[in-house]
1. Would you point out which residue out of 125, 173, 186 is among the β-branched types (Val, Ile, Thr) and at pLDDT below 90?
2. For the range 33-52, enumerate the residues that are more than 19 Å from residue 114 (Cα to Cα) and touching a Lys or Arg at 6+ places or on another chain (Cβ under 7 Å).
3. State which residue is least open to solvent (accessible area, probe 1.4 Å) when the search covers only the range 85-114 and only residues that are touching a residue at least 40 places away in the same chain (Cβ under 8 Å) and on the phi > 0 side of the Ramachandran plot.
4. On the basis of being out of contact with any Pro (no Cβ under 8 Å at 6 or more places or on another chain), touching a residue at least 24 places away in the same chain (Cβ under 8 Å), farther than 17 Å from residue 58 by Cα and charged (D, E, K, R), does residue 163 make the cut?
5. For residue 196, all conditions in the list (1) in contact (Cβ under 8 Å) with a residue 40 or more places away in the chain; (2) open to solvent by less than 40 Å² (accessible area, probe 1.4 Å); (3) polar (S, T, N, Q) hold save one; what is the number of the exception?
6. Scan the range 136-147 and tell me whether some residue there is closer than 30 Å to residue 23 by Cα, in contact (Cβ under 8 Å) with a residue 60 or more places away in the chain, surrounded by fewer than 18 Cβ atoms within 10 Å (Cβ to Cβ) and of a type outside the set (A, V, I, L, M).
7. Taking the range 16-49, which residues are closer than 17 Å to residue 191 by Cα and acidic (Asp, Glu)?
Amino acid sequence: MADATIEDFLSRVMERLPDMSRDKFTSQSWRYEGRPTGEGLGLKPGVDVDPAAVIARIMDVADYPGNVKYVDETIVAKQTKKAVTYTQKMKLPGIGGVQVVLTMKDLGTRDGYRVVAWQQDDAATEALDKKHGGARTEYNLGAWLVSETEVAYALSASPLKSDLGSLKYALMTKGSDATTGTVLATNIDSMIAWSQRD
């Protein structure tokens, strides 16, 4: 069972999913509780994927570097078949390093989708050294929803304001809202491609 934060986020995502277009990739974003960034959801319909293979790649966090765009390093703290806690360090163009400690869980099947969701470990993220990996995130929630014909990706994340100068913070908050659709599409396409490689 996921905790309340993941469950609440998933509820917001799944209530929007049925109304999205099934003709081509679409995305939407919405504001939540006055946070500095919106929550975003992208959906790619009309795909032909093996949900189990996609989920296996999503859970394979140790191999994200080289396979998932902008991920520079992952350090696994603990992993079971259904959950993994790890540090993720990213290098973002024009921004630099960003790092976070996440716990990701395979939540099984819901409403016809295989679901994996994650949230930030706040205490462990706060304990990271910003001099060795870059800005930490204030919050980081996300989910993958995968069927044989659709892949959806949802994300809600923001850097910790105190770790960045005002310009970089603005780029990563206001700027990220403007590029949400592109980020979601890129992540979906790269995860599908990775799942289909031998």
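The values are calculated or read from the model by the stated rules, or taken from the named source; none is laboratory data. Remember, it's a predicted structure, so these values are computed and weren't measured experimentally. Here Cβ is always computed from backbone atoms with ideal geometry, including for glycine, and neighbour counts include all displayed protein chains. Only protein heavy atoms, including side chains, enter the accessible area calculation; ligands, DNA and RNA are left aside. Shrake-Rupley method; radii C 1.70, N 1.55, O 1.52, S 1.80 Å.
1. Working: 125 fails: at pLDDT below 90; 186 fails: at pLDDT below 90.
That would be 173, the only listed residue that is among the β-branched types (Val, Ile, Thr) and at pLDDT below 90.
2. If the condition is that a residue be more than 19 Å from residue 114 (Cα to Cα) and touching a Lys or Arg at 6+ places or on another chain (Cβ under 7 Å), then 38, 39 are the ones that fit.
3. Only one residue tops the list, namely 96.
4. Values: out of contact with any Pro (no Cβ under 8 Å at 6 or more places or on another chain): yes; touching a residue at least 24 places away in the same chain (Cβ under 8 Å): yes; farther than 17 Å from residue 58 by Cα: yes; charged (D, E, K, R): yes.
Against the criterion (out of contact with any Pro (no Cβ under 8 Å at 6 or more places or on another chain), touching a residue at least 24 places away in the same chain (Cβ under 8 Å), farther than 17 Å from residue 58 by Cα and charged (D, E, K, R)), residue 163 qualifies.
5. (2)
6. Within the range 136-147, one or more residues are closer than 30 Å to residue 23 by Cα, in contact (Cβ under 8 Å) with a residue 60 or more places away in the chain, surrounded by fewer than 18 Cβ atoms within 10 Å (Cβ to Cβ) and of a type outside the set (A, V, I, L, M).
7. Matches in the range 16-49: 48 only.
Residue-wise test of (1) of a type outside the set (Ser, Thr, Tyr); (2) out of contact with any strand residue (DSSP E or B) (no Cβ under 7 Å at 6 or more places or on another chain).
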| site | (1), (2) |
| --- | --- |
| 5 | no, no |
| 13 | yes, no |
| 17 | yes, no |
| 31 | yes, yes |
| 41 | yes, no |
